[in-house]
Each structure stands twice: as structure tokens, then as C-alpha cells.
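Right, one structure below, let's go through it.
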Amino acid sequence: AAKEGGKAAWTRFEPRMRQDVVNHARLGSELHNAIIRHELFLLYQPVFDIVTGRLHGAEALVRWKHPTRGFVSPGDFIPVAERSGLIVPLGSWVLREACEQLARWHRDHGDGAIKAINVNVAVRQLRESGFVDEVAAVLSETGLMPQNLVLEVTESSVADGRQVRETLHALHEMGVRLALDDFGTGSSSLSLLRAFPVDVLKLDKSFVDGITEGADRGRLAVAAAVAQLAEYLQLSAVAEGIESESQLIRLREMGYRLGQGFFMSKPLPAEEAGALMATPAPVVA
Ligand code: C2E
Ligand code: MG
Ligand code: MG
Ligand code: MG
């Protein structure tokens, strides 16, 4: 523990650190084969209209079932993939798979199906010169309209530079919608919101966590401010990481129309998400 402090703690810690570096290198090379070996798959976390309780959309979230390690969390392998550049082929696979799944839902459930699918996109993908063409190709091959796709990007991606800026404008021009993920945690300026073609703000879970029973106004401030900002800018706002009914009620009072979180649903396999679309009744009251 830290209180044992000093040199002794460090020498005991060091072998594990070296192990982590080795693991990262190995993880990277194993990830390389993961796509080919079909070890990756997607779960879909439903997004609800928290006023009517109806299913609104879903976010595709990648999972890796490693043959010996078991499930590896995206929190562990996405950063590795970003550093090595493997996020580019991995992200391409996710985009195509998610669009194919939405097309299947449209076929199987018609009007009951969600209209759009959310896909997370890393800045490395946006820096690729062919990204806009790739999105256009996937949409046309799966028979989707650009409005059926919401790409989730972070504030730091938006602030990355000219290439990324132009890519985002081109995607928006095409009709693809853009969501700012983990909103409120980045260090970018609010003026970016006016300069960029953003359609959706996703309030980061950390601000939803603060909405507990009896929380003071300070802890609610960011969540409330983001709802108002979205209203003024005529963007839609999604609260993510809702874990309790009291959070849901407070967020609804603040003006959030859309929400995502374990209280309503964890990320689901495609079949289970599809089953929600086959049920016309509201899922959350
Ligand atoms: P994110 O895009 O902000 O996704 C939301 C994360 O919060 C997901 O974790 C989801 O399972 C989790 N979550 C949702 N509701 C709750 C809740 O009520 N409580 C708690 N404790 N967690 C909740 P996940 O799937 O582990 O993904 C973590 C991050 O990994 C994502 O954050 C995203 O940044 C990244 N990621 C996942 N899939 C992809 C992908 O296909 N491409 C890229 N580039 N990044 C991805
Ligand atoms: Mg996301
Ligand atoms: Mg998020
Ligand atoms: Mg997040």
C-alpha cells in the first residue's frame, strides 16, 4: 500500500509494471489477429426516450472474447489499438458490422426498429483521408441512409486539426449525424460547438453520477447547464450512465429527452436488442 511508501513499495511494484508493458505489446499483436479470428463482436446499448419510455436508438460497443484471457474490456484494448493504429481496421470492422445489423433490424422489425445506430469513432480513423468515402461505401452497401448513422466523436477529436475538421464537415454535409461523446470532460472551448456541425451532446456519466438523492446544486450544475446549452443550440442531449430511478427523474426534470444507462438496460447482444424492437410497449415508465 502507498502508506508503506518509499523505496520498498517501488521495488515491489516494478515487476508488475514491466509485466504490464509486456502485456500491452502482446495484447497489441493478439488484437491484430482478433478480427480475422472472429474474436470481436458488438453489443448494443439501448438509448431510450426518457419521457415516453420508448426505445429510441442504440450504441454499438465492441467486445473482445480472447481465447485464453476471456473477455477483455474495451477500456483496456481500445487505448492499445489507438496507440498502435490498429484502431483503424478495428473501427472499420465495427462501422460495417453495426450498419449491417441496423439494416437487418430494419428488415426484420420495420417501423418498430430503431432509426439510427451510434458508432464510436477514434480520432485516428478521422485522420485517414479515405474515411468519408469509407462511410459512404458502407452506407450504400448496407442500404442505409446517412441519417441512420450517428458517429460519436470526442471533444479532443473535434479540436484535432484541419484534416479532421474537414472530415467532420464532409460527413455532416452527407447527412451523417455527429454526437459529442463524454461531453463536459474535455478541455475544449464551448465555441467549438458553434464552429462544428454537432447534432447531439452526450453528457458524460461522471456528471450523472453526481445526481444523487439530496445532491447540492453544485453537483447538478453541469448536467443542468448541458441540457440548457443543447436547447439553445437546438441539439439533442443524451444523458449516459443512468444507474437509478432518481437520476432518471432528475434528468427528465432538467430537460433531457434521451437517456442511456444500466438502470434501463446494459449493452445487449443483437438478438436481445432486436427483441425490444419487436415489443411495441414502453420499456421504462
Ligand atoms: P463510451 O462511448 O462513453 O460508452 C459508454 C460506456 O459506458 C460503455 O462502456 C457502457 O457499457 C458504459 N455504461 C453505459 N451505461 C452505464 C451505466 O449505467 N453504468 C456504468 N458503470 N457504465 C455504463 P464500454 O462498452 O466498456 O466502453 C468503454 C469505452 O470504450 C466507450 O465509452 C468508448 O469510448 C470505447 N469504445 C467502445 N467500443 C468502441 C468502438 O467500437 N470504437 C471506439 N473507437 N471506441 C469504443
Ligand atoms: Mg460512445
Ligand atoms: Mg460516452
Ligand atoms: Mg464514456
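Only the coordinates and a few stated rules stand behind these numbers; no lab work does. Owing to the predicted nature of the structure, the values given are computational and were not obtained by experimental measurement. We place every Cβ from the backbone using ideal geometry, glycine too, and count neighbours over all the protein chains shown.
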Taking a ≥ b ≥ c as the square roots of the Cα gyration tensor eigenvalues, with a/c under 1.5 meaning rounded and otherwise prolate when a/b beats b/c or oblate if not, region 104-235 comes out oblate
Across 162, 104, 124, the residue with the highest GNM fluctuation in the chain (Cα network, 10 Å cutoff) is 162
In whole Hz, the Karplus estimates of ³J(HN,Hα) for region 132-147 (6.51, -1.76, 1.60; θ = phi - 60°; x where Gly or Pro) are 4, 5, 4, 4, 4, 5, 5, 4, 6, 5, 9, x, 8, 8, x, 5
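Once you have a ≥ b ≥ c as the square roots of the Cα gyration tensor eigenvalues for region 39-131, tell me rounded if a/c is under 1.5, and otherwise prolate or oblate according to whether a/b is larger than b/c.
prolate
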Counted neighbours (other Cβ, 10 Å), sorted fewest up, put 264, 145 in the order 145, 264
Which residues qualify? For residue 257, with a placed amide H closer than 5 Å and at least 5 residues away or on another chain, they are 237
Rounded to one decimal in nm, the spacing of the 7 Å Cα→Cβ label points at residue 49 and residue 272 is 2.5
By the Cα gyration tensor axes a ≥ b ≥ c (a/c under 1.5 gives rounded; else a/b larger than b/c gives prolate, otherwise oblate), the shape of the chain is rounded
Percent relative contact order for the chain, counting Cα pairs under 8 Å at least six residues apart, stands at 20
In the chain, taking the dipole from +1 charges on Lys and Arg beta carbons and -1 charges on Asp and Glu beta carbons about the Cα centre, the listed residue (130, 81, 164) farthest towards the positive end is 81
